[in-house]
Amino acid sequence: MHLAYSELLALAETGLRSAGISAKTAHQTAQFLALAELDGLASHGLSRVSQYAAHAKNGRVELAPKVKVKTFKSSAALVDAGDGLAFPALRLATDLSVNLASKSGVGLVAVTNSHHFGVAGHYVEAAARAGYISLLFGNTPAAMPMVGGSKAIFGTNPLAAAFPTGRGNPLVVDMSLSAVARGKLLIAAKKGESIPEGWALTAEGEPTTDPQQGLKGLMVPMGGDKGALLALIIELLVVGLSGSQFSYEADSFFDAKGNRPRIGQLILTIDAGLAGPGIFASKMHNFLQTLAADAGTRLPGQRRFHQRESGLKQGITISDVVVEEIQAGIRQSWTG
């Protein structure tokens, strides 16, 4: 089905509201999900509406969370997401980190009692567009083993970084620490498609091309042991500074029933002018020129910006399965 951005936004918002999620939370969440679709990141787009709605109906998220700043220091803060969907809290955390960085040179904001937070790159992109360097880390429900282990201990623990370029779009690096984002298995499962071998393992640790078995089993760490160790670093930073639950304490996002995940995120925003006025911009300019001289080089994040621009003008094709799933949930709320 081909939809305009306004239609994507309305469909996502209506689907979330039909599950009892508050108007404010539904609207802010729908904005990020629709943006993910525009960027070509369907695994973090409207396919999540039914998942979030199921969590709402089964008490896994607070319907009208009271997001608040729990701790505030000169260059750091702690935001409580109030067991709600993560987007309002991450939006506040991003703005707060920029504000702290503008005054102190650096702004570190941790988020606790949180949930799935979508495309990590969207938050750091916002900070970079304001002229700051920004990094974001988060833990997620357990999906990957520790080095040498066979049990899920870490989540896919995504990280993102963004750098202002002084002109046009920032450079945005955005990745999970599994071989692929777990949401790609969700999309494949909804479409009834297989996945490439090397993405996931069964619960027994065997390679699989069945996305359903992969969702029940383990994700393969990116880069083997190095990916697992990076996940360890993020896990300890996020949990230690936010007071959130460890990945292995949070039930899977892909299960409608379970506990409130209460995972965490950590955003670090930095004033780019530490070395002196104009120095970062000059260094970035030289770097971009060097990259441009190497034919075929693709700057991180640029593909999604091109897709976003095209999607805003021409609309987006979204899976009929995803649309029908959302519409079925809306109809159920009307009759139930």
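None of ASP174, ASP255, ASP225 is under 21 Å from ARG48 (Cβ atoms) and in contact (Cβ under 8 Å) with a residue 60 or more places away in the chain except ASP174.
Close Cβ contacts (under 6 Å, 6 or more residues apart or on different chains) running from residues in the stretch 34-63 that are at negative phi to residues that are among the charged types (D, E, K, R) and surrounded by fewer than 24 Cβ atoms within 10 Å (Cβ to Cβ) comprise LEU38/ARG308; ASP39/ARG304; ASP39/ARG308; SER43/LYS184; SER50/GLU325; ASN58/LYS257; ARG60/ARG260; GLU62/ASP83. For the stretch 210-229, indicate whether the set of residues that are open to solvent by 40 Å² or more (accessible area, probe 1.4 Å), modelled with pLDDT of 90 or more and either of a type in the set (Val, Ile, Thr) or within 18 Å of the chain's Cα centre (by Cα) (or both) is non-empty. No, that holds for no residue. The number of residues in the stretch 122-151 that are open to solvent by less than 10 Å² (accessible area, probe 1.4 Å), more than 16 Å from MET222 (Cβ to Cβ) and either small (Gly, Ala, Ser) or out of contact with any strand residue (DSSP E or B) (no Cβ under 6 Å at 6 or more places or on another chain) (or both) comes to 4. Against the conditions (1) within 18 Å of the chain's Cα centre (by Cα); (2) surrounded by fewer than 24 Cβ atoms within 10 Å (Cβ to Cβ), PHE117 satisfies every one except (2).
Among helices (runs of 4 or more DSSP H) entirely within the stretch 269-336, having at least 1 residues that are closer than 30 Å to LEU3 by Cα and modelled with pLDDT under 90 singles out 320-335.
Just one of the listed residues (LYS257, LYS184) is open to solvent by 20 Å² or more (accessible area, probe 1.4 Å), farther than 30 Å from SER74 by Cβ and not in a loop (DSSP other than H, G, I, E, B), and it is LYS184. The lone criterion from (1) surrounded by 17 or more Cβ atoms within 10 Å (Cβ to Cβ); (2) within 30 Å of SER102 (Cβ to Cβ) left unmet by LEU274 is number (1). Residues in the stretch 79-135 that are β-branched (Val, Ile, Thr) and in a strand (DSSP E or B): VAL79, VAL106, VAL109, VAL111, THR112, ILE133.
Restricted to the stretch 292-335, and to residues there that are of a type in the set (Lys, Arg) and open to solvent by less than 80 Å² (accessible area, probe 1.4 Å), the residue that is farthest from LEU41 (Cα to Cα) is ARG308. Of all residues in the stretch 6-60, those satisfying the criterion of being open to solvent by less than 20 Å² (accessible area, probe 1.4 Å), within 21 Å of GLY82 (Cβ to Cβ) and not in a helix (DSSP H, G or I) are ALA19, ILE21, ARG60. When you look at ALA162, is it part of a strand (DSSP E or B), open to solvent by less than 50 Å² (accessible area, probe 1.4 Å) and under 25 Å from ALA281 (Cβ atoms), yes or no? Yes: the conditions hold for ALA162.
When residues in the stretch 61-73 are screened for being out of contact with any Leu (no Cβ under 8 Å at 6 or more places or on another chain), in a loop (DSSP other than H, G, I, E, B) and not hydrophobic (A, V, I, L, M, F, W, C), 3 of them pass. Would you check if GLY105 is in contact with a His (Cβ under 8 Å, 6 or more places away or on another chain), on the phi > 0 side of the Ramachandran plot and not basic (Lys, Arg)? No, not satisfied. Filtering ALA179, ALA189, ALA203 for residues that are touching a helix residue (DSSP H, G or I) at 6+ places or on another chain (Cβ under 9 Å) and open to solvent by less than 40 Å² (accessible area, probe 1.4 Å) leaves a single hit, ALA189.
The values are calculated or read from the model by the stated rules, or taken from the named source; none is laboratory data. Treat the numbers as computed from the prediction; the structure is a model and nothing was measured. Using ideal geometry, Cβ is built from the backbone for each residue, glycine included, and neighbour counts are taken over all protein chains shown. Ligands, DNA and RNA are excluded from the accessible area calculation, which covers all protein heavy atoms including side chains. Shrake-Rupley method; radii C 1.70, N 1.55, O 1.52, S 1.80 Å.
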